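Here the structure comes first, spelled out in structure tokens, and everything after it is commentary.
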Amino acid sequence: MNALRKLDFAGISLLLVTFLFVAVMIIPVSWAIVLGFTKSGPFQAHMTFAGLENYREIFSDAAFWRALAVGLTYAAISTVLEVVLGAGIAILIFRHGNSFVTSFVLMPYMIPTVTTALIWRWMTDSLNGILNQLMLQSGLIGSAIEFTSSGVLAMSLVTAASVWQFTPFVILVMLANLGTISPSVYEAAHVDGINWWQELIYITIPMLRAPILLVILLRGIWMFNRFDIIWLLTSGGPIGSTTTLPLYAYIQAFSNNDYGLGGAASTVIFMILLVFGIIYIRAFHPEKEVARG
């Protein structure tokens with residue numbers, strides 16, 4: 001009877017997970033792919049088949065290629081900074097931190113993205129922002145900086161806010177893996193007379209290889225797909241300098257009222273991430289690294 005109950009519970013749980021996966025992932029992705037082959041919008045009475053016309057249009061659009069370049073740059077810089085800072089801070093906390101420090105460092109990841117965007121907009125405001133006030137009072141700048149006035153400054157703002165919010169995720173993963181390293185490994189190394197730098201290079205970092213590879217894959221995908229914090233901070237401006245592919249797809253679908261172009265752009269994003277994931281997994285085999293760890 002107990003075995004039957006366990007089997008029923010497992011079957012129901014699997015059914016619910018399958019239903020959620022289909023409802024949240026399969027149906028929206030499939031519908032976006034279908035839309036990519038149609039001409040449709042809120043002001044069109046009927047959806048009509050368009051073949052590859054939408055794909056020809058976006059591939060001939062300079063704004064699409066710019067959004068792709070911006071998205072790749074944003075994802076690469078953000079991911080590198082998050083991994084480097086996250087691993088470094090995690091090692092410091094593991095060696096010298098306590099529960100209070102850990103909770104404080106992880107706090108940005110618990111803050112909603114809308115709140116994070118508002119915080120960074122207030123901090124960098126040209127009139128009342130604390131960052132401008134501090135730089136003015138210290139003499140670093142002669143006049144207030146408008147951080148959304150140029151592409152470089154806007155991208156720097158978006159990247160800084162993203163790194164601040166999502167680095168704690170990397171710290172959390174690294175701390176969990178650092179806790180699995182046996183203290184006897186370090187004790188034996190200290191008996192051999194290694195210094196802290198050799199300990200870091202030859203013990204700690206190799207032990208973190210598996211989570212680092214996994215985090216690079218996850219953070220790279222998530223940052224390339226990032227929409228909310230960029231839209232809330234800059235709305236893709238100025239003049240498209242922070243418009244990534246998710247923003248480009250959103251603008252096509254809901255600002256230009258062309259669901260077909262939005263679906264085609266979303267499908268391209270899906271294919272890019274799929275190809276990247278396959279290449280990355282085949283090249284680095286993160287699943288084997290995790291199993292080995």
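The values are calculated or read from the model by the stated rules, or taken from the named source; none is laboratory data. All values reported here derive from a predicted model rather than from experimental measurement. Here Cβ is always computed from backbone atoms with ideal geometry, including for glycine, and neighbour counts include all displayed protein chains. Please note that ligands, DNA and RNA were not included when accessible areas were found on the heavy atoms of the full protein model with its side chains. Shrake-Rupley method; radii C 1.70, N 1.55, O 1.52, S 1.80 Å.
Some points to look at:
- Residues (in a loop (DSSP other than H, G, I, E, B), buried (at least 18 other Cβ atoms within 10 Å of the Cβ) and β-branched (Val, Ile, Thr)) located in the range 122-160: Thr124, Thr148
- Test set (1) open to solvent by less than 20 Å² (accessible area, probe 1.4 Å); (2) farther than 16 Å from Leu172 by Cβ - Leu68 fails condition number: (1)
- Listed by position, the helices (runs of 4 or more DSSP H) inside the range 192-254 whose residues that are under 19 Å from Phe270 (Cα atoms) number at least 3 are 209-224, 245-250.
- Residue list for the range 48-89, restricted to those being out of contact with any Phe, Trp or Tyr (no Cβ under 6 Å at 6 or more places or on another chain), farther than 30 Å from Leu35 by Cβ and touching a residue at least 40 places away in the same chain (Cβ under 8 Å): Ile77, Leu81, Val83, Leu85, Gly86, Ala87, Ile89
- Failed item in (1) in contact (Cβ under 8 Å) with a residue 12 or more places away in the chain; (2) open to solvent by 90 Å² or more (accessible area, probe 1.4 Å); (3) closer than 27 Å to Ile272 by Cα, with Phe43 passing the rest: (3)
- Residue satisfying all of: in the range 161-197; β-branched (Val, Ile, Thr) and open to solvent by 30 Å² or more (accessible area, probe 1.4 Å); farthest from the chain's Cα centre (by Cα) among these: Val191
- Conditions (1) surrounded by fewer than 16 Cβ atoms within 10 Å (Cβ to Cβ); (2) on the phi < 0 side of the Ramachandran plot: number failed by Gly51: (2)
- Residue in the range 241-264 that is at pLDDT below 95 and of a type in the set (Val, Ile, Thr) present: no
- Flag if Leu261 is surrounded by 21 or more Cβ atoms within 10 Å (Cβ to Cβ) and within 28 Å of Phe43 (Cα to Cα): yes
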